[in-house]
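Working notes, structure below.
The values are calculated or read from the model by the stated rules, or taken from the named source; none is laboratory data. All of these numbers come straight from a predicted model, not from anything done at the bench. Neighbour counts are summed over all protein chains in view; Cβ atoms, including those assigned to glycine, are modelled from backbone coordinates with ideal geometry.
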Amino acid sequence: MHLQDFHKANRSYNWPFEVRPLSPVLGAEIVGITLSEGIKEEIFPAIYEAFLTYQVILFRDVDLPPALQVQFARNFGEVQVHVMDQYHGYKDYPEIYFLSNLDEAGNPSGKHPDKGTLYWHTDGSWRRRTGHATIMYAEIVPSRGGETHFCDMYRAYEELSEEMKKRLRGLRAVHSLDFSRTRRHGEDRLTEEQKAQVPPVDHPIIRTHPETKRKCIFLGDHAEFIQGMNYEEGRALIEEVNRLATPDHLVYRHKWEPRQVLVWDNRCLLHRATAYDTTRERRVMRRCTVIGDEPY
Ligand code: SIN
């Protein structure tokens, strides 16, 4: 079912807040909920329903200090502590992955904090239990660039040719953080200790979303090779499917404003950040990823 149909079907859903779709493809803004005061237990199921329906949900004008961000994330499940501890921005909240291009004096450093985020990926696909929700908060945003783009993997699957669907059926890709990190941000590779904590893992290329039960493509930039296939042939197929999965018409492009919160469903989306001028502009974001299930 396409988003528009979901929206129609859900008109009768008695949302205890206003829901404003962000694009014809995916995404909705939730209006009338103040995350800053914490979430009332009885409201969360409706927020979760909106998250499943729209894949990305947005809250505006939120004061969300790190403690509240982690607390909000816990509503979705167990919050990941990222293996790359150089991104743990807060001693008391190792669950927060801190993405900032500022130097110690608070000036733009000219360095992108994580160039791996600039390529289509899904958070935590390099673990056996992959990313469920990601909750990202914008502290400082650049005037140009630094957007986050999301692509709908349900429709990407539906739009594959029957021949490609058949070809991918039963195939498993091996995802590796060491592979993607080295490829995209090789100047700051995983340490041996970090590598040992995240050995490569295999996942189906076509997965079933555990809650909506819809099929979707599950690939992205952490996927290195295909099990049982010649390495180069597998690489070529991964690149081809990543390209086929991300046509413009399935993408929602989010332009950030400070104090916005986005929550996205890693199980049925790919996302990427866009570049910005790291020598002149400031971008400071905090991210929490909730760990989900093993894909099937
Ligand atoms: C991410 O890829 O998880 C972060 C995206 C962003 O920085 O916009």
From 210, 204, which residue is of a type outside the set (A, V, I, L, M) and more than 23 Å from residue 136 (Cα to Cα)? 204
Within the stretch 99-125, of all residues that are in a loop (DSSP other than H, G, I, E, B) and within 10 Å of the ligand (Cβ to nearest atom), the one farthest from the chain's Cα centre (by Cα) is 112
Could you grab me the full set of residues in the stretch 257-283 that are in contact with a strand residue (DSSP E or B) (Cβ under 8 Å, 6 or more places away or on another chain), surrounded by 19 or more Cβ atoms within 10 Å (Cβ to Cβ) and more than 15 Å from residue 57 (Cβ to Cβ)? 270, 272, 273, 278, 282, 283
If you go through the stretch 221-231 one residue at a time, do you hit one that is of a type in the set (A, V, I, L, M, F, W, C), in contact with a Phe, Trp or Tyr (Cβ under 6 Å, 6 or more places away or on another chain), in contact (Cβ under 8 Å) with a residue 12 or more places away in the chain and not in a loop (DSSP other than H, G, I, E, B)? yes
Considering (1) surrounded by fewer than 20 Cβ atoms within 10 Å (Cβ to Cβ); (2) in contact with a Leu (Cβ under 9 Å, 6 or more places away or on another chain); (3) over 18 Å from residue 294 (Cα atoms); (4) not polar (S, T, N, Q), say which one residue 252 fails and leave the rest. (1)
In the stretch 18-46, what residues are modelled with pLDDT under 95, closer than 16 Å to residue 260 by Cβ and surrounded by 14 or more Cβ atoms within 10 Å (Cβ to Cβ)? 33, 35, 36
Taking the stretch 173-186, which residues are at pLDDT 95 or above and either β-branched (Val, Ile, Thr) or within 22 Å of residue 111 (Cα to Cα) (or both)? 174, 177, 178, 179, 180, 181, 182, 183, 184, 185
Please indicate, with yes or no, whether at least one residue in the stretch 247-268 is more than 17 Å from the chain's Cα centre (by Cα), under 20 Å from residue 163 (Cα atoms) and away from the ligand (no atom under 16 Å from the Cβ). yes
Mind checking which residues of the stretch 128-157 are surrounded by fewer than 16 Cβ atoms within 10 Å (Cβ to Cβ) and farther than 30 Å from residue 107 by Cβ? 128, 129
Does residue 87 qualify as being within 15 Å of the ligand (Cβ to nearest atom), under 23 Å from residue 186 (Cβ atoms), without any contact (Cβ under 8 Å) to a residue 40 or more places away in the chain and buried (at least 16 other Cβ atoms within 10 Å of the Cβ)? yes
